[in-house]
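Notes to accompany the following structure.
The values are calculated or read from the model by the stated rules, or taken from the named source; none is laboratory data. What you are looking at is a predicted structure, and each value in this text was computed from that prediction instead of being measured. So basically every Cβ, Gly included, is an ideal-geometry build from the backbone, and we count neighbours across all protein chains shown.
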Amino acid sequence: MYETLPIPQSGKHSPPECAWWVALKLVNHVGPARIRLLLEKFGTIEQAWKAPERELRGVLDARTLTELLTVRNDVDVAALWDRTTRNGVRVSCWTDIDYPPLLLEIPAPPPVLYYRGQVTETDSTAVAIVGTRRVTAYGREMAHRIAFDLAKAGVTIVSGLATGVDGVAHRAALEAGGRTIAVLGSGIDVIYPGTHRDLANRIAGQGAVVTEYAPGTQPDRYNFPPRNRIISGLSLGVVVIEAPERSGALITVDFAAEQGRDAFAVPGPVHAPASAGCLRILREGATLVRSADDVLEDLHIRRSAADQPAPTTLPLSDSEHRLLSVMNAQPQHIDDIAAKLDRSIGDVSGELMLLELQEIVRNNGGGYYCRA
């Protein structure tokens, strides 16, 4: 499930400008459009917060104005800021120099970001890796390989901390010694799923955990689609590893298209449910990805000087060794291969595709494969 971390109370102090943005988020119906109007009228959010009611009436509708007046009478901004920024929580708003520049480019960027860790200039070279929570062995291998190689090349890996593809991508980036950013659909003090709390702590030490939701916000299902626009917004492109037809990963691709970001997809077996979404977006114009090199080339990203090319061939699993033991230089149909192994065609198809990408197996067309 999820785990809530306490944020202790503390004393008063003079709050920075961003504190007034945090306070304004307590007012319903004040989104990016109204915040822009307030900035145009008053110059800063602090001045807007303190403005007389008659001046606010020209910018806000009656319902929103009433709520703002109620909230600002009840809230101690300095105390709210102190509670929010405890336990290493950082806050960034549009006017801050450290607000991610890529995110600032998207339509309606989140006015306030809460995060643990650090967002650096190098994170402007970032790629999102997303996919299903029910990842197959093939999807796991591809997610790990692509994320690892991109991170080694100096690319920051962005994902959503979910189980499945997200978790694999984050861990691969950490293993490569690279940077990774996890975007939450909950408050910064609420880690979901709870089993990823240790992973979130590792990410905060080697990247950042980011959210637009105030501390204490629970992981409601309505929070996750908006969260996906931040994943794509922080990235130059989005790579989908595996995604069924009705997958949240495809929402991220839709946001990427709206934001002018590139979409990539790893192909999978045509009959596999986990590949249905990838195959659809490939037909719709997404770029086919076989390796990190395809992403680097299409996005015109140069490898970092410290990048050491990863081995082109991954260690084979026991099941892959068994599969190869029934194959030779003569093409065999996938049905016959699966029958020899007493395995499903879906499982065998995924492994054959992975071996094909490593140039160990050759696809002869028509469902026939042989040793390369």
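Summary table below
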| item | result |
| --- | --- |
| Condition broken by L184, with the remaining ones in (1) at pLDDT below 95; (2) surrounded by 18 or more Cβ atoms within 10 Å (Cβ to Cβ); (3) under 20 Å from R90 (Cβ atoms) satisfied | (1) |
| Residue ID - farthest from the chain's Cα centre (by Cα), chosen from residues in region 257-268 that are in contact (Cβ under 8 Å) with a residue 40 or more places away in the chain and crowded, with 22+ Cβ neighbours inside 10 Å | G268 |
| Qualifying residue in region 74-90 (condition: closer than 30 Å to A172 by Cβ and crowded, with 17+ Cβ neighbours inside 10 Å) | yes |
| Test: residue in region 147-155 that is touching a strand residue (DSSP E or B) at 6+ places or on another chain (Cβ under 6 Å) and either in the same structural domain as L354 (by TED's automatic domain parsing) or over 24 Å from L279 (Cβ atoms) (or both) | yes |
| Subset of region 313-335 (residues that are outside any loop (DSSP other than H, G, I, E, B) and either in contact (Cβ under 8 Å) with a residue 24 or more places away in the chain or surrounded by 14 or more Cβ atoms within 10 Å (Cβ to Cβ) (or both)) | S319, E320, R322, L323, L324, Q332, H333, I334, D335 |
| Residue within region 281-298 that is basic (K, R), under 15 Å from Y138 (Cβ atoms) and surrounded by fewer than 16 Cβ atoms within 10 Å (Cβ to Cβ) present | yes |
| Among the residues listed as R171, R140, the single one being of a type outside the set (A, V, I, L, M, F, W, C), more than 20 Å from N228 (Cα to Cα) and part of a helix (DSSP H, G or I) | R140 |
| Selection count where residues are in a helix (DSSP H, G or I) and in contact with a helix residue (DSSP H, G or I) (Cβ under 8 Å, 6 or more places away or on another chain), scope region 174-200 | 4 |
| Checklist (1) out of contact with any Pro (no Cβ under 9 Å at 6 or more places or on another chain); (2) crowded, with 19+ Cβ neighbours inside 10 Å; (3) under 22 Å from A173 (Cβ atoms) applied to R197, failing item | (2) |
| Total residues in region 100-129, condition among the acidic types (D, E) and surrounded by 19 or more Cβ atoms within 10 Å (Cβ to Cβ) | 1 |
